[in-house]
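I have placed the structure first, in the form of structure tokens, so that the comments after it can refer back to it.
The values are calculated or read from the model by the stated rules, or taken from the named source; none is laboratory data. These numbers come from a predicted model, not from an experiment. A quick note on method: Cβ atoms are made from the backbone with ideal geometry, for glycine too, and the neighbour counts reach across all protein chains shown.
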Amino acid sequence: MSEPRPRRLAIATLAVVAIWGGLLPALLRSGPVARHVAAMEERGIDPAAMYYTELDRLPARPAWIERRLTLWP
């Protein structure tokens, strides 16, 4: 038997709030993300408002992965 719709909506809303208000800010303080944000700010780029088409090409993945990974043989 399925749950009533208002309860499902409340659960989904709480999940979004937990992710948006808790998980994403914690991720922002983690090592790789924090370093990326700091590097963007050093260049005078607001990470919250940047568009990738306005930046020089950034590597999508590290060079060591490119050497080891073949996507299309």
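Structural remarks
- Residue count, the range 52-73 (criterion: of a type in the set (F, W, Y) and at pLDDT 70 or above): 1
- Checked against the criteria, I45 counts as surrounded by 11 or more Cβ atoms within 10 Å (Cβ to Cβ) and not in a helix (DSSP H, G or I).
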